[in-house]
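Okay, structure first, notes after.
The values are calculated or read from the model by the stated rules, or taken from the named source; none is laboratory data. Predicted model, so just to flag it, every value in this text is computed and none were measured. Please note: Cβ atoms are built from the backbone with ideal geometry, for glycine as well, and neighbour counts cover all protein chains shown.
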Amino acid sequence: MNNDKTWKLFFIVILCGSTLFCVKGQACEPFNSPNNVDTSAVPQILALPLSSYIGKPVDSLFLQLPSNYSYRGFMPVSIGYAKGVYQAYGNYGSNISHVEIFIDNFQYLSFPNRTPTTTWSMTLAKLETISFIKVYSNNVCIYGCNNPNYY
Amino acid sequence: MLYSSKSRFVYFTSLILFSITLVFFNCRRHEDIQFDKVTHRFFYLPSNTSNIVKNIAQSIYVQNQQNSFVRDLVRRVGYPVWNKVIINGSGSNSSYRNTGGGVDFIFIPFTNDNGTMVNSALVVEMTASDTLYSMLYPQEFPNFGFSYVDTSKTSARDVFLLFARFQNLIYGTKEYWIKDNRLFGGGSRPPSKANVQFNDPTNCINCSVFQMEWWEICFTYSGSNCNCPAEWDQCDLCSICAVTQCWSGWTFGGGGGGDDGWGYEPEGSTGGGGSGQTSNWWSDPCEEDAGGGRVEPCGTLSEWSPILDTSDVLNDSIIGQRLKRLYQKAGGMPDSLFQAALQDDTERTFTFVTSISGSISDTVPMWAKSGTSLSSSPTLTANSIAIWHTHQDDGPTDPYKNQSFDGPDHFKLFKNRIIDGYPIQVSFITTRDYVYAVIITNPIKFQSYITTLAGTNILTRIEEKLNNAHIDAMDLCTACSFQAKTEKGILAITANNNSEISGVKVFRSPRNNLNFTLLSP
């Protein structure tokens with residue numbers, strides 16, 4: 001019986017170990033997972049009345065944008081400051097897009113905050129007021145372009 | 001549960017086999033994903049890629065799905081440089097040639113990450129009814145013949161000029177050692193240094209229809225004794241013999257009637273005007289019977305070689321001198337703008353622009369402008385070669401004084417040069433005590449390093465990733481000054497100032513006594 005337990009343990013270790021091996025490795029990131037393939041984000045984004053969200057909380061736009069985003073983060077400027085937040089669709093390939101949401105006056109987040117943006121509160125950022133919106137498809141600006149105040 | 005010895009053996013053996021299978025498939029999955037990385041990179045197109053190139057990439061993508069050749073192709077010749085494609089013709093299959101009309105040629109160069117030469121070019125021949133693919137290797141040039149009378153046919157010289165143009169576009173190469181005299185002039189000229197010039201495409205004639213360029217190649221022969229060839233009649237003073245001979249002409253589309261230029265037809269080809277290599281064009285020509293008179297391009301190219309201007313590109317002392325000279329071109333402008341930025345805490349920026357007046361080319365600072373307290377955006381044009389901005393401090397107690405480059409600064413350089421395509425080579429920052437400069441030494445490595453470091457192709461995410469990597473490095477040095485922390489930060493996102501990896505070099509100079517030296521890790 002002890003041998004049985006030993007072998008079962010061996011089997012479990014192999015199962016978990018081989019799985020963890022791939023989970024840990026960057027190479028196992030699923031490039032083609034549903035969140036990394038954007039097939040409909042841009043038309044859905046452009047169908048929104050984007051200008052109507054100016055002056056409203058960030059979350060009001062987040063709630064209407066396509067929910068299958070791949071990343072949501074901050075747009076840093078200098079060291080410890082931000083000019084807004086973004087939501088992205090896809091990661092590689094020729095079918096990527098992202099929305100840049102500019103915030104002129106932060107009321108909930110305080111700066112400078114010289115920690116990586118991964119530690120910043122997106123919950124508070126959602127409460128901030130939108131000043132400007134830009135949309136990119138395959139890294140080419142397709143909405144809100146050429147405003148010299150938002151680059 | 002009780003087992004007999006035999007059933008226990010079967011049970012344990014099954015467990016072991018299952019475990020091995022599990023590990024095997026996990027590893028296969030790992031390999032497949034590695035393959036995906038290569039494929040993804042192969043088919044990653046810059047945002048400004050033309051539709052005709054996108055269509056070609058899409059066609060190759062479909063071919064690869066059926067034949068899985070990309071990984072082997074990348075191993076042999078590297079990745080396609082999609083933003084350096086040469087299009088010969090209208091790009092719309094329209095009939096523009098006086099003879100053999102309705103043909104477009106698209107040439108896509110392939111390079112290795114760490115290489116300094118263009119390894120091959122994919123030639124895509126588009127007619128109204130068909131599209132033919134073939135790989136062209138520089139070693140194949142003798143196949144095309146050395147007769148330059150019938151300009152409607154591709155010659156060995158055309159092959160050389162095509163690769164020379166790619167070398168110039170990708171690596172900035174302008175000089176070559178040319179050992180095969182049949183390319184230019186024949187005779188017994190010894191291996192000579194040749195300077196190849198291509199004109200500014202904006203000056204070409206009828207550019208909207210043809211994409212063609214004027215080329216000129218000049219050989220400089222330096223003899224040390226009286227063995228100058230007879231045809232070099234200028235060599236009267238053999239001891240100081242230094243002669244220049246030039247050839248010139250139209251290429252990639254032809255001049256005047258448009259009859260001059262590319263017709264991909266190697267001598268001896270049985271294909272009749274085309275390479276006939278659409279089938280399995282991706283195959284290694286050294287592993288199959290070439291046939292059709294095509295010499296297998298398996299040897300090392302020795303008849304010409306680009307002269308890599310290592311003294312210019314890699315010598316830090318020369319780079320430092322050039323940075324100083326460039327910075328001094330702005331005169332007192334950086335200092336006065338820095339003082340203004342200090343007064344109103346508003347960042348200033350300007351652009352160094354190449355200005356051509358007649359035959360004289362000069363660099364001038366232009367378009368000084370203000371930003372916000374934290375950032376600015378320079379005006380950029382097709383002749384912008386460097387950008388400058390301030391990192392002003394707010395006062396004697398402000399911890400931000402002397403701040404070196406930050407993550408978003410480096411991102412901007414990446415975006416301006418790689419994504420937007422402006423020919424920016426240098427980014428300067430003036431701080432209270434120092435001037436910093438980042439110079440791009442290899443744009444391809446720069447692009448590869450940044451996208452690999454960020455793990456994404458989404459611009460804003462690249463910026464955020466660079467920002468965070470910079471801040472992580474700052475935090476590692478707890479006892480450093482703010483200036484030293486920010487220097488650690490920029491070093492962290494430039495592979496510790498290893499340009500062989502990052503494609504850039506970071507320099508620093510005292511502000512009051514300009515002397516740019518490489519920033520040490």
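A few points about this structure:
- Test: residue in segment B:488-496 that is modelled with pLDDT of 95 or more, in a loop (DSSP other than H, G, I, E, B) and crowded, with 20+ Cβ neighbours inside 10 Å: yes
- When residue A:82 is tested against (1) in contact with a strand residue (DSSP E or B) (Cβ under 9 Å, 6 or more places away or on another chain); (2) at pLDDT below 95; (3) surrounded by 21 or more Cβ atoms within 10 Å (Cβ to Cβ), exactly one condition is not met: (2).
- The lone exception for residue B:484 - which of (1) assigned to a helix (DSSP H, G or I); (2) touching an Asp or Glu at 6+ places or on another chain (Cβ under 7 Å) it fails: (2)
- Residue count for segment A:96-128 under the criterion of being in contact with a Gly (Cβ under 7 Å, 6 or more places away or on another chain), more than 9 Å from chain B (Cβ to nearest Cβ) and surrounded by fewer than 16 Cβ atoms within 10 Å (Cβ to Cβ): the result is 1.
- Among the candidates B:153, B:179, B:174, the residue that is at pLDDT 60 or above and in contact with a Pro (Cβ under 6 Å, 6 or more places away or on another chain) is uniquely B:179.
- In a residue-by-residue description of segment B:432-448, the property of being surrounded by fewer than 21 Cβ atoms within 10 Å (Cβ to Cβ) and either closer than 23 Å to residue A:82 by Cβ or within 10 Å of chain A (Cβ to nearest Cβ) (or both) applies to no position.
- Scanning segment A:61-76 for residues that are at the interface with another protein chain (Cβ under 10 Å from one of its Cβ atoms), within 23 Å of residue A:146 (Cβ to Cβ) and assigned to a loop (DSSP other than H, G, I, E, B) turns up nothing.
- Qualifying strands (runs of 3 or more DSSP E) (wholly inside segment A:96-151; at least 2 residues being over 17 Å from the mean Cα position of the chain (by Cα)): A:140-143
- Just one of the numbered conditions (1) modelled with pLDDT under 95; (2) within 17 Å of the chain's Cα centre (by Cα); (3) on the phi < 0 side of the Ramachandran plot is not true of residue A:93: (3).
- Of the residues making up segment B:74-115, those that are hydroxyl-bearing (Ser, Thr, Tyr) and at pLDDT 80 or above are B:79, B:111.
- Among the residues of segment A:137-150, the ones that are within 9 Å of chain B (Cβ to nearest Cβ) and either closer than 22 Å to residue B:471 by Cα or at pLDDT 95 or above (or both) come to 0 in all.
- In this structure, residue B:50 does not qualify as over 22 Å from residue B:447 (Cβ atoms), of a type in the set (S, T, N, Q) and touching a strand residue (DSSP E or B) at 6+ places or on another chain (Cβ under 8 Å).
- Residue match in segment B:478-497 (condition: farther than 24 Å from residue A:118 by Cα, of a type in the set (Asp, Glu) and more than 10 Å from every other protein chain (Cβ to nearest Cβ)): no
- Residue check, residue B:457 more than 14 Å from chain A (Cβ to nearest Cβ), over 20 Å from residue B:374 (Cβ atoms) and among the polar types (S, T, N, Q): no
- Residue B:139 falls short on exactly one of the conditions (1) at pLDDT 85 or above; (2) touching a helix residue (DSSP H, G or I) at 6+ places or on another chain (Cβ under 6 Å), and that condition is (2).
- Segment B:460-470 - residue that is facing chain A (nearest Cβ under 7 Å) and touching a His at 6+ places or on another chain (Cβ under 8 Å) and, of those, farthest from residue A:71 (Cα to Cα): B:460
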